[in-house]
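The values are calculated or read from the model by the stated rules, or taken from the named source; none is laboratory data. For clarity, every value in this text was computed on a predicted model and none was experimentally measured. Here the Cβ positions follow ideal geometry from the backbone for every residue, glycine too, while neighbour counts run over all protein chains shown.
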Amino acid sequence: MLIGFSNGFFSGFVVLRRHALSVSALSHTMLPGITLGILVAGALTQLSAFLGALFAALLVGLGSVAVSRGKRIAQGTALAVIYTTAFAAGVAILPHLETRQELEHWLFGDILAVGNADLWTMFGIGSLTLLSVNLLMRPMLLTLFEPNVAAAQGVPVRSMQYIIFALLALSLVASLQAVGCVLSVGLLVAPAATVSLFTDRTSLLFWGGGLLGAIGSLSGVLISAALNLSTGPTIVMVLGSLFLLAWLFSPRYGVLAARRS
Amino acid sequence: MSEVHHDCCEHHDHHHELVVENLRVTYRRHVALDGIRFATSCGNRVALIGANGAGKSTLIKAIAGLVPRAAGTIRWRGTAVKKWSREFAYLPQREEVDWSFPITVRGLVEMGRYPQAGWWGRFSSSDEDAVDRALEALELVDLRERQIRELSGGQQQRAFLARAIAQEAHVLLLDEPFTGLDRRASSQLGELLDRLAREGRLIIASHHDLRSAPELFDEALLLSTRQVAFGPVAEVLTPELLDRTFAVPAAIE
């Protein structure tokens, strides 16, 4: 629930930055991160995987912001280069590990295997994300809307971008166990994308995204239990179909509304 | 309209002066602007005139503090402006704005109060008042819940002007404000800028339509990387000076 909410909330930023692809790049980075974690720790434990994923996501995310500082290379470009390199390293190492089977859990998530300690970690990350985003809302909005004006007004634009990416990496890692590497993207993009079809108010985008993320997660868990499906994918499917519905039927920006007028 | 009180110029004996001296801007090693020097005071409308690439936008941004200055000083009311002043407001060129950003007119105007309200502080009632007054002064009250893309070109300009007013800016720096407006919206914007100037603000705008310049502006600065001329519009817009402004810059090393 909380993960759904905080990720949904943060998805507002992802949508505002038009960064959906970066998120998916980052999420793929977690695979080599996990492999690295296993390699270093010698075994696949919650902790090694978690730290590995976090390390890789932070490294690649912040690295791409740093490379794009020179303005010559766009951040998306930098990200693509760095993450494929990292991914390649992960794939190269993978066959040498003995724990390939279990890795599937991490790719696709297993929300019911989430332990108490993990819950607390998620809770911590979720609160941290929510807290910092709320505190820094104004400078972040300015940074996203008009970076050069924000810079002139004394907003440390570069630090803001680092913070946004660091939070992004954290949120991804937090949802890792619930829905896995690949699907965590859905949680971070779909909610606000859906809400953005309904509203023009920036604050609603965040709170609505959070709410939707939470609702999606909860109903995903319930539906998956009822139909005996895997939980992570169900959550993402729920969020995806909500988006599809919104895209079709939104009174403001929906396809059908556009056709009628 | 005069209820919008503004403590500038006409209410005092002295003039609030903007003095630019030897301004120079470089991008990497390429010189974008050099030797800009002029002085003007609030109540004036200044047009920046020059060919494409002559540095009009760069000059606007340099005064606004958006691009770093390689040399030169800018003084406003006697004190040097280091990087950015709250009394300066920059209005971007229309195509530089992300119009699909999910923000309402009111949200945009509220952004003008961020510097005063700080990063965390709640909006005080004076902040709210300033936003309301700005919306009223620019006749945007009925449009305040609109998303910024759902406005006409003239309304979009007014929304950004309202943000500058909410910021309580004295110097308005506009990048090609008349570009893309139809005739009616243009003349409305012209009247609006005239009113804002008469209330005591200094308006500096890049402009490319020579025919409308004399009626829209008081002073003009002719620009071709270097400053060609500066003065009252009627004195500056002469065929000879315009030739030099728009000449192919072959003579420049």
For this session: Can you tell me which residue among B:Ile74, B:Ile63 is in contact (Cβ under 8 Å) with a residue 40 or more places away in the chain, within 21 Å of B:His207 (Cβ to Cβ) and assigned to a helix (DSSP H, G or I)?
Result: B:Ile63
Exercise. Can you name every residue in the range B:145-155 that is part of a loop (DSSP other than H, G, I, E, B), within 14 Å of chain A (Cβ to nearest Cβ) and not basic (Lys, Arg)?
Worked result: B:Glu145, B:Leu151
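Output the residues belonging to the range B:156-189 that are assigned to a helix (DSSP H, G or I), more than 12 Å from chain A (Cβ to nearest Cβ) and in contact (Cβ under 8 Å) with a residue 40 or more places away in the chain.
Here is the first cut: in the range B:156-189, the residues assigned to a helix (DSSP H, G or I) are B:156-166, B:183-189.
Filter once more, so that each one left must be more than 12 Å from chain A (Cβ to nearest Cβ): B:156-159, B:161-162, B:165-166, B:183-189.
Matches in the range B:156-189: B:Gln156, B:Gln157, B:Ala159, B:Leu161, B:Ala162, B:Ile165, B:Ala166.
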Seminar exercise, completed: Of those in the range B:116-131 that are within 8 Å of chain A (Cβ to nearest Cβ) and surrounded by 13 or more Cβ atoms within 10 Å (Cβ to Cβ), the residue nearest to B:Ala70 (Cα to Cα) is B:Trp119
Exercise. For A:Val238, are the conditions met, namely being within 24 Å of A:Leu172 (Cβ to Cβ), modelled with pLDDT under 80 and crowded, with 18+ Cβ neighbours inside 10 Å?
Worked result: no
For this session: Pairs only if they're at least six apart or on different chains, beta carbon under 7 angstrom, first in the range A:132-156 and farther than 17 Å from A:Thr202 by Cα, second in a loop (DSSP other than H, G, I, E, B) and aromatic (Phe, Trp, Tyr); list them, first residue then second.
Result: A:Ala152/B:Trp84; A:Gln153/B:Trp84; A:Gly154/B:Trp84
Exercise. If B:Gly65 passes every condition in (1) in contact with a helix residue (DSSP H, G or I) (Cβ under 8 Å, 6 or more places away or on another chain); (2) more than 18 Å from B:Phe160 (Cβ to Cβ); (3) within 14 Å of chain A (Cβ to nearest Cβ) but one, which one does it miss?
Worked result: (2)
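Would you check if there is a residue in the range B:80-89 being over 24 Å from A:Pro156 (Cβ atoms) and more than 13 Å from chain A (Cβ to nearest Cβ)? Steps first, answer last, please.
Applying the first criterion (over 24 Å from A:Pro156 (Cβ atoms)) to the range B:80-89 yields none.
Looking through the range B:80-89, none of the residues is over 24 Å from A:Pro156 (Cβ atoms) and more than 13 Å from chain A (Cβ to nearest Cβ).
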Seminar exercise, completed: Within the range B:70-115, of all residues that are farther than 28 Å from B:Glu17 by Cβ and of a type in the set (Ser, Thr, Tyr), the one surrounded by the fewest Cβ atoms within 10 Å (Cβ to Cβ) is B:Ser100
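One residue is enough: does the range A:209-217 have a residue meeting the conditions within 13 Å of another protein chain (Cβ to nearest Cβ) and farther than 30 Å from B:Phe88 by Cα? Steps first, answer last, please.
Kept after step one, since they are within 13 Å of another protein chain (Cβ to nearest Cβ), are these residues of the range A:209-217: A:209.
Within this subset, residues satisfying the condition of being farther than 30 Å from B:Phe88 by Cα are A:209.
Taking every residue of the range A:209-217 in turn, at least one turns out to be within 13 Å of another protein chain (Cβ to nearest Cβ) and farther than 30 Å from B:Phe88 by Cα.
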For this session: Among the residues of the range B:90-105, write down those that are touching a Leu at 6+ places or on another chain (Cβ under 8 Å) and more than 9 Å from chain A (Cβ to nearest Cβ).
Result: B:Leu91, B:Val105
Exercise. Is the range B:206-229 home to any residue that is surrounded by fewer than 20 Cβ atoms within 10 Å (Cβ to Cβ), in contact with a Lys or Arg (Cβ under 9 Å, 6 or more places away or on another chain) and in a helix (DSSP H, G or I)?
Worked result: no
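Name the residue, out of B:Leu241, B:Leu192, that is in contact with a strand residue (DSSP E or B) (Cβ under 6 Å, 6 or more places away or on another chain) and of a type in the set (A, V, I, L, M).
On the way: B:Leu192 fails: in contact with a strand residue (DSSP E or B) (Cβ under 6 Å, 6 or more places away or on another chain).
Answer to the selection: B:Leu241.
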Problem set entry | Members of the range A:147-160 found to be more than 7 Å from chain B (Cβ to nearest Cβ), buried (at least 22 other Cβ atoms within 10 Å of the Cβ) and not small (Gly, Ala, Ser), listed by number | A:Val155
For this session: With the checklist (1) more than 9 Å from chain A (Cβ to nearest Cβ); (2) assigned to a loop (DSSP other than H, G, I, E, B); (3) touching a helix residue (DSSP H, G or I) at 6+ places or on another chain (Cβ under 6 Å); (4) surrounded by 20 or more Cβ atoms within 10 Å (Cβ to Cβ) in hand, flag the one item B:Ala54 doesn't pass.
Result: (3)
Exercise. Does B:Leu140 qualify as being modelled with pLDDT of 90 or more, away from chain A (no Cβ under 14 Å) and closer than 24 Å to B:Thr179 by Cα?
Worked result: yes
